[in-house]
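In what follows, a structure is listed as structure tokens, so that the remarks can point back to it.
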Amino acid sequence: MRSSFGNTLRHLSDGTRLYGREHQGQGLAVFLLCLYLPLVIPLLRNGVWVDPTVWIEEVRVPTPGLLLAAYSVVVAVVIALALTPPSAVAATESTPYPVQRPVKTKIIQNCRLFLNAMIALGVVGLIFTSGVDRWEHLLGLVVGTLLLQLGHLDEVNSVQVESVLLMLGKDPLVDYDRWFARRWTIERTALEAPEWTKVVRKNLVLVILWVSVQAVALISYILLVHGANGLFIHALSIILLSVAAGLTSVVGLSSVLASTVVSRHATSRRSTSFSIHPESYFAALLVLAKIITVLVMAMLPFSWLSEQTRIETLIYVGFLILEMLLFFSASLWLLRRWGKKEPQGFATSNAIDAQAVRHLLKKKSAKDRASIRGAVIYRQRFNKALKTDAA
């Protein structure tokens, strides 16, 4: 039997377009988080109000060699998967539309997030190190940027694109719309999604409210303990901590909602796994950032704890615990509301989470349908190339 491997290699560019590049937003967010976490973790060891010189000395990041070694192992796994014929399990439908995206694609998306994290850590290392270590971080930063731009893993993944085309039916767009109606209990054409600006505006209002509550609580505590003089001394820290607490709360809830939608927007058991999607890792990082921020804020009352400030300290720590319970309760509520068998949230059209879900679904369905149309065109070119080679 004549192998079509060479024909597939000739269509690498089309194959890369077929699979596409996604999750640019998550990549940027992971980059920012990996800048944020190394800078804030030393505060857990030394206290919130540490001297800047001590804080700079305590900032630590992994060496570029360790990061590149870990990335090379992941790349080796992806190449091994690409060169291995797909098994019967891998041939099953793993997406709601008839374009097969293997598990390799999920690994590739996670590789991109890893590269973004590696670049961010390289930036931190470049700023807070000196001598040979700084040159190593600079080299790691350059290599990570080149790997992210080359897209070599997309080409490796598109080698087995022939098996993808076998999943296409006669009218894949109609099949996708039917699946969408079954999965979400609403017709895709009847899904009226709001403008993204409205959702962003409401999220911004939530951020401002959350930041204001955190700032009022922290200011009140410092006024009771140190008076107006302490408020003036720690004004910059109050602003930074309050903004970090508000942003990580609202953006964390938004990421949990996005991860829930993506996990539900799949068919097979493998794809509906919460841990396989890059959005889930992004949500986990934001939840981790939220926990670290609260721990940093909790360092303050414990460092100032005394017989005179015991009552004020207990009240402020109780506020932080209550705020964390509210955050986790809202996260669980979103998971149950949109992750159950028949989500009923579309009925509440004015709810912030319902508007966000409708926008996410509209955006994702448009991307899926574009992938289907691209796959149909690619199949026509692929079959034409096979006929030309056979002749």
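The values are calculated or read from the model by the stated rules, or taken from the named source; none is laboratory data. What you see is a predicted model, and the numbers here were worked out from it, not measured in a lab. The area values use the complete protein model at the heavy-atom level, side chains included, leaving out ligands, DNA and RNA. Shrake-Rupley method; radii C 1.70, N 1.55, O 1.52, S 1.80 Å.
Odds and ends about this structure:
- Karplus-derived 3J(HN,Hα), 6.51/-1.76/1.60, for each residue of segment 204-219, Hz, glycine and proline x: 5, 4, 4, 4, 4, 5, 5, 5, 5, 5, 4, 5, 5, 5, 5, 5
- The 1.4 Å probe gives accessible areas that order 198, 363, 341, largest first, as 341, 363, 198.
- Residues in segment 177-189 carry Karplus couplings, in order, of 4, 5, 4, 4, 5, 6, 6, 10, 6, 7, 5, 4, 5 Hz; the curve used is 6.51 cos²θ - 1.76 cosθ + 1.60 with θ = phi - 60°, and Gly or Pro positions show x.
- Full-extension gain in nm, residue 229 to residue 76, via 0.36 nm per residue minus C-alpha separation: 49.2 nm
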